[in-house]
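First up is the structure itself, then whatever we jot down about it.
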Amino acid sequence: MPSSPTPDVRISEVGPRDGLQSVSATMATADKCRWIDALVAAGLREIEVASFVPARLMPQMADAAEVVRHALTHVARHRRLTIMVLVPNARGAEAAFAAGVHKITLPVSASEAHSLANVRKTRAQMLDELRTVAALRRDSAPATSLEVGLSTAFGCTLQGAVHEDEVIRLAVDCVSAGADEVGLSDTTGMAHPAQVRRLFTRLRAELGDRAGAAHLHNTRGLGLANCLAAWDVGVRSFDSSLAGLGGCPYAPGASGNVVTEDLVFMFEAMGVRTGVQIDGLLAAREPLQAGLPGEPLHGMTPLAGLPKGWSSFEYPSTSIS
């Protein structure tokens, strides 16, 4: 069987972490594992499976080490699979390194108000934490990637506007502190396409290859439009969540991750290869719903179905570079 072509974009599925942290129910470990199995079967090759945070603060993530162990069982068969977790501090990073994850992401907020609400540290303190985590990584897990997702980069429901100069300055500081790459997160769903295009253009000009993923929300219905704007200016890594599950529990009104099914459909229809099978994504909704009965599942593609005769290979490759 011929090998699959290299994807044009990286779709990073964040539902098992970002999605589950925002719901009141706690999904059973066995259900999480079945859901992750289905996501891998759909062709996703980067999955954020958990966060290493105190169970008293986030009981949904109490089984993080066990979920990581299960997720890593897929790696022998899918060697390009990246298992990622979120860590808020050095203690979480130590646990993640011990678990053997491939990538950790540290949340640094562009908004001081959100930083205090989310991690109970100022932005300056989070930069110090990043330096500590980078030193730990160097000494104990040098092969593990370290990324920063700049939360509230496009606005904050607590603070209001976030100045773009501050976002770019903080991104540069994060790289100086040891991050391999820095992405931008629309934590509160306030971004619009012109803003996304402008800020990612500046980020890429400042950081080059260290400019990371677009983590965009659909809170106000602009998620896909914002992803396309990011694509237009060269972003090639996108976070999304199956069925649009998730948001930030420490940012009021921050609902609605971009729906993975809709994002993959958009790119594949454009001729942009994702390496992800939409049929597999639709099938992965079943273990998600079984593990969270009654939780609303979002997405226009699952509702409408695929066009008659659908095959992503029927569409010409895009000329956008």
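The values are calculated or read from the model by the stated rules, or taken from the named source; none is laboratory data. This one's a predicted model, so the numbers in the text were calculated from it and none came from an experiment. Please note: Cβ atoms are built from the backbone with ideal geometry, for glycine as well, and neighbour counts cover all protein chains shown.
Here are the numbers for the structure shown:
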{"read-out": "Hits in the stretch 104-126 (condition: outside any helix (DSSP H, G or I) and buried (at least 19 other Cβ atoms within 10 Å of the Cβ))", "value": "Ile104, Thr105, Leu106, Pro107, Val108, Ser109, Ala110, Ser111"}
{"read-out": "Selection count where residues are of a type in the set (A, V, I, L, M), buried (at least 17 other Cβ atoms within 10 Å of the Cβ) and not in a helix (DSSP H, G or I), scope the stretch 24-44", "value": "3"}
{"read-out": "Residue check for Thr219: touching a Gly at 6+ places or on another chain (Cβ under 7 Å), more than 19 Å from Val9 (Cα to Cα), part of a loop (DSSP other than H, G, I, E, B) and at pLDDT below 95", "value": "yes"}
{"read-out": "The lone exception for Val85 - which of (1) part of a helix (DSSP H, G or I); (2) surrounded by 20 or more Cβ atoms within 10 Å (Cβ to Cβ); (3) modelled with pLDDT of 95 or more it fails", "value": "(1)"}
{"read-out": "Only one of Thr82, Thr73 that is of a type in the set (S, T, N, Q) and under 25 Å from Ser22 (Cβ atoms)", "value": "Thr82"}
{"read-out": "Selected residue (criterion: modelled with the highest pLDDT) from residues of the stretch 284-321 that are polar (S, T, N, Q) and exposed (fewer than 12 other Cβ atoms within 10 Å of the Cβ)", "value": "Ser311"}
{"read-out": "Selection within the stretch 125-137 - at pLDDT 95 or above and either under 20 Å from Leu207 (Cβ atoms) or touching a strand residue (DSSP E or B) at 6+ places or on another chain (Cβ under 9 Å) (or both)", "value": "Leu127, Glu129, Leu130, Arg131, Val133, Ala134, Arg137"}
{"read-out": "Of all residues making up the stretch 6-23, the number that are part of a loop (DSSP other than H, G, I, E, B), in contact with a strand residue (DSSP E or B) (Cβ under 7 Å, 6 or more places away or on another chain) and more than 22 Å from Pro293 (Cβ to Cβ)", "value": "1"}
{"read-out": "Ala95 in contact with a strand residue (DSSP E or B) (Cβ under 8 Å, 6 or more places away or on another chain), in a helix (DSSP H, G or I) and not polar (S, T, N, Q)", "value": "no"}
{"read-out": "Search result, residues across the stretch 27-57 that are touching a residue at least 60 places away in the same chain (Cβ under 8 Å), of a type in the set (A, V, I, L, M) and either farther than 19 Å from Lys103 by Cβ or touching a Pro at 6+ places or on another chain (Cβ under 7 Å) (or both)", "value": "Met27, Ala28, Ala38, Ala41, Ala42"}
